[in-house]
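Novice: Dropping a structure here in structure tokens format, bear with me for questions.
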Amino acid sequence: MKTLISGGIVITAIDTVAADVLVDDEIIIAIGAPGTHDWADTADNVIDATGKYVVPGGIDPHTHMELPFGGTYASDTFESGTRAAAWGGTTTIVDFAVQVKGESLIAGFDTWMAKAEDNCAVDYGFHMIAGDINPQSLADMDVLIDRGCTSFKLFMAYPGVFYSDDGEILRAMQKAAATNSMIMMHAENGMAIDVLREQALERGETDPVNHSLTRPAATESEATHRAIVLAELAGAHLYVVHMSAKEAVEEIAEARDRGLPVFAETCPQYLFLSVEDHVSQDGFEGAKYVCSTPIRKSEEGHQEALWNGLATNDLQVVSTDHCPFCMDDHPVLGTQKKLGVGDFTAIPNGLPGVEDRFQLIYHGGVAEGRISLNRWIELTSTAAAKLFGMYPKKGTIAVGSDADIVIFDPDVDWTKSVTQHHMDVDYSAYEGKDVKGRVKTVMLRGKVIIDGDEYLGTKSDGQYLPRETVSVHH
Ligand code: URP
Ligand code: ZN
Ligand code: ZN
């Protein structure tokens with residue numbers, strides 16, 4: 001079955017060019033100048049992309065479908081979350097399988113694989129949260145790498161839950177260096193944060209805003225620095241997740257300037273939301289914006305520093321850290337954010353965003369003049385594909401690549417709202433925000449799964465995506 005996408009502007013991380021794209025079954029088989037070929041004669045289906053951008057499907061390398069956290073679970077299942085991803089122009093996610101204390105790495109991986117299998121609307125891979133570093137876990141990293149799980153997340157935060165101490169981190173990094181796999185780091189000084197949280201509660205400071213206030217920028221920049229030092233000692237590749245503090249970005253920039261294989265991401269919530277406008281809202285409303293690392297004060301200049309880092313390649317990726325929890329009771333999961341009424345430390349950490357990212361970064365990045373069209377694609381698709389062993393199968397429009405293609409209308413003005421999103425969560429972090437540019441058509445390996453307002457996919461369109469080990473410096 002051949003599909004021709006004609007008349008659009010093809011945008012990759014490198015090129016912006018008027019071109020037609022020919023897809024055969026799941027693969028892009030030709031890209032050519034309009035009017036120089038007769039592909040329409042043999043195509044089974046022609047999609048008119050005149051006036052639109054034809055771009056690679058988004059890759060979100062940081063999601064947490066069904067994550068157990070703080071006494072509940074992230075409200076999106078693999079089914080609902082990946083369908084929402086598709087609506088937002090994302091055709092690949094890399095979710096985090098979880099090893100809990102006392103469990104083997106492989107058992108955790110198998111559990112997550114079973115949750116996702118036949119339940120994903122888009123393609124999916126896994127990183128592994130290593131929550132219990134011991135000799136067996138280190139040996140099991142080899143097994144997971146063979147299964148295409150080539151990146152491992154460690155936590156310097158959340159003592160008693162996912163936390164690893166520096167010795168454990170160093171051992172895992174040494175193993176990652178020996179196997180050419182990637183260490184992903186949640187870089188916050190969890191021990192110091194726990195003291196600040198306890199002291200805030202003792203003073204009677206229980207509102208959601210205290211979540212942000214007890215995780216000051218220094219706790220992120222110190223941990224980022226320490227992670228870089230340990231990775232350098234081990235000779236490992238390091239990717240720092242969900243960065244929100246300008247001082248932490250400076251640590252990344254300094255390491256990269258020294259030529260270290262250090263990479264980092266930020267997320268839309270850190271680019272668009274602030275303590276002043278969101279987390280400090282009256283009553284319990286601020287709980288909507290409780291996540292770690294925290295949303296920070298805009299007066300401190302973090303948002304500008306993050307956008308600047310994205311523009312200059314100090315930061316390489318925009319992911320979502322999609323980890324939604326409802327404000328009111330979830331029909332199946334019950335109380336979620338409100339577990340923390342009267343005690344901000346009990347609010348489950350995380351925000352929805354898997355459906356928002358691709359379009360928000362176009363809006364705030366391209367439409368508002370901060371980055372180029374090509375950089376938009378690099379940040380939301382290509383760089384993650386390269387860093388996490390999916391390129392060039394994913395992350396670009398090229399002959400031989402998977403036909404994961406989004407047709408994007410740059411001229412649509414619309415307003416974001418919970419009433420129009422597809423994530424299984426009862427609020428939008430961007431409610432009422434006017435944005436420019438919208439996903440029109442989404443193709444997953446040659447199959448149109450979104451066509452305007454219509455969802456044409458199924459819950460098992462997505463395939464598991466085994467990934468290669470680290471091959472590029474970026
Ligand atoms: O608040 C967050 N980030 N929740 C998800 C878990 C994590 O640390 O990534
Ligand atoms: Zn994290
Ligand atoms: Zn996360």
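Novice: Mind listing whichever residues of the range 453-474 are modelled with pLDDT of 95 or more and open to solvent by less than 30 Å² (accessible area, probe 1.4 Å)? Lay out the reasoning, then the answer.
Specialist: As a first pass, look at the range 453-474 and keep what is modelled with pLDDT of 95 or more: 453-469.
Within the range 453-474, G457, D461, G462, L465, R467 qualify.
Novice: Evaluate the following for I145: is it part of a helix (DSSP H, G or I), more than 30 Å from V341 (Cβ to Cβ) and more than 16 Å from ligand 3 (Cβ to nearest atom)? If you could, list the steps in order and put the result at the bottom.
Specialist: Details: part of a helix (DSSP H, G or I): yes; more than 30 Å from V341 (Cβ to Cβ): yes; more than 16 Å from ligand 3 (Cβ to nearest atom): yes.
Taking the combined requirement at face value, the residue satisfies it.
Novice: State all residues of the range 45-64 that are in a loop (DSSP other than H, G, I, E, B) and closer than 30 Å to V21 by Cβ; if no residue qualifies, say none. Please lay out each step first, then the result.
Specialist: Taking the range 45-64 and keeping what is in a loop (DSSP other than H, G, I, E, B), we get 49-52, 57, 64.
Within the range 45-64, A49, T50, G51, K52, G57 meet the criteria.
Yes/no matrix, rows are residues, columns are (1) closer than 17 Å to P410 by Cβ; (2) away from ligand 1 (no atom under 16 Å from the Cβ); (3) open to solvent by 10 Å² or more (accessible area, probe 1.4 Å); (4) in contact (Cβ under 8 Å) with a residue 24 or more places away in the chain:
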residue: I347; (1), (2), (3), (4): no, no, no, yes
residue: G353; (1), (2), (3), (4): no, no, no, yes
residue: R357; (1), (2), (3), (4): yes, no, no, yes
residue: L360; (1), (2), (3), (4): yes, yes, no, yes
residue: A367; (1), (2), (3), (4): yes, yes, yes, yes
residue: S372; (1), (2), (3), (4): yes, yes, yes, no
residue: S381; (1), (2), (3), (4): yes, yes, no, yes
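Novice: Continuing with the same structure: For S244, indicate whether it is in contact with a Pro (Cβ under 6 Å, 6 or more places away or on another chain), within 16 Å of ligand 3 (Cβ to nearest atom) and within 30 Å of N180 (Cα to Cα). Steps first, answer last, please.
Specialist: Working: in contact with a Pro (Cβ under 6 Å, 6 or more places away or on another chain): no; within 16 Å of ligand 3 (Cβ to nearest atom): yes; within 30 Å of N180 (Cα to Cα): yes.
No: the conditions fail for S244.
Novice: Among E251, E220, E276, which is within 16 Å of ligand 1 (Cβ to nearest atom), closer than 17 Å to L306 by Cβ and acidic (D, E)?
Specialist: E220
Novice: Return the total of residues in the range 80-111 being assigned to a helix (DSSP H, G or I) and within 28 Å of V54 (Cβ to Cβ). Let's see the steps before the verdict.
Specialist: Going through the range 80-111, the residues assigned to a helix (DSSP H, G or I) turn out to be 80-87, 105-111.
This time we only want the ones that are within 28 Å of V54 (Cβ to Cβ), so: 80-87.
So the answer is 8.
Novice: Does K288 fit the bill of being more than 16 Å from ligand 2 (Cβ to nearest atom), in contact with a Gly (Cβ under 8 Å, 6 or more places away or on another chain) and charged (D, E, K, R)? If you could, list the steps in order and put the result at the bottom.
Specialist: On the way: more than 16 Å from ligand 2 (Cβ to nearest atom): yes; in contact with a Gly (Cβ under 8 Å, 6 or more places away or on another chain): no; charged (D, E, K, R): yes.
Spelling it out, it is not the case that K288 is more than 16 Å from ligand 2 (Cβ to nearest atom), in contact with a Gly (Cβ under 8 Å, 6 or more places away or on another chain) and charged (D, E, K, R).
Listed here are the residues, each with its yes/no results for (1) under 15 Å from D356 (Cα atoms); (2) β-branched (V, I, T).
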| residue | (1), (2) |
| --- | --- |
| S381 | yes, no |
| A385 | no, no |
| P392 | no, no |
| G395 | no, no |
| D404 | no, no |
| I407 | no, yes |
| K416 | yes, no |
| T419 | yes, yes |
| A429 | yes, no |
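Novice: I'd like the residue in the range 268-304 that is more than 24 Å from D328 (Cβ to Cβ) and either crowded, with 24+ Cβ neighbours inside 10 Å or hydroxyl-bearing (S, T, Y) (or both) and, out of all such residues, is farthest from the chain's Cα centre (by Cα). Spell out how you get there, then give the answer.
Specialist: Restricting attention to the range 268-304, the residues satisfying the condition of being more than 24 Å from D328 (Cβ to Cβ) are 270-271, 274, 276, 293, 296-304.
Of the ones still in play, those that are also either crowded, with 24+ Cβ neighbours inside 10 Å or hydroxyl-bearing (S, T, Y) (or both) are 270, 274, 293, 296, 298, 302.
Details: Y270: 13, S274: 19, T293: 14, R296: 19, S298: 22, H302: 19 Å.
If we take residues in the range 268-304 being more than 24 Å from D328 (Cβ to Cβ) and either crowded, with 24+ Cβ neighbours inside 10 Å or hydroxyl-bearing (S, T, Y) (or both), then S298 is farthest from the chain's Cα centre (by Cα).
Novice: Is it true that some residue in the range 311-334 is within 16 Å of ligand 2 (Cβ to nearest atom), in a loop (DSSP other than H, G, I, E, B), over 19 Å from the mean Cα position of the chain (by Cα) and outside the structural domain of V435 (by TED's automatic domain parsing)?
Specialist: No: the range 311-334 contains no residue that is within 16 Å of ligand 2 (Cβ to nearest atom), in a loop (DSSP other than H, G, I, E, B), over 19 Å from the mean Cα position of the chain (by Cα) and outside the structural domain of V435 (by TED's automatic domain parsing).
Novice: Now, a different point. Could you look through the range 297-323, keep only residues that are closer than 20 Å to S372 by Cα and of a type in the set (A, V, I, L, M, F, W, C), and pick out the one that is farthest from ligand 3 (Cβ to nearest atom)?
Specialist: So, considering only residues that are closer than 20 Å to S372 by Cα and of a type in the set (A, V, I, L, M, F, W, C), the one farthest from ligand 3 (Cβ to nearest atom) is A311.
Novice: Cβ-Cβ below 6 Å, separation at least six or inter-chain, first residue in the range 226-248 and among the β-branched types (V, I, T), second at pLDDT 95 or above and assigned to a helix (DSSP H, G or I): which pairs?
Specialist: If the second residue must be at pLDDT 95 or above and assigned to a helix (DSSP H, G or I), the pairs left are I228/A255; V240/T224.
Novice: Next up: I'm told V100 meets every condition in (1) within 30 Å of I347 (Cβ to Cβ); (2) aliphatic (A, V, I, L, M); (3) open to solvent by less than 10 Å² (accessible area, probe 1.4 Å) except one. Can you identify the failing condition by its number?
Specialist: Result: V100 passes all but (3).
The values are calculated or read from the model by the stated rules, or taken from the named source; none is laboratory data. All of these numbers come straight from a predicted model, not from anything done at the bench. No Cβ is skipped: glycine too gets one built from the backbone with ideal geometry, and neighbour counts run over all protein chains shown. Side chains are part of the model used for accessible areas, which takes the heavy atoms of the whole protein and leaves out ligands, DNA and RNA. Shrake-Rupley method; radii C 1.70, N 1.55, O 1.52, S 1.80 Å.
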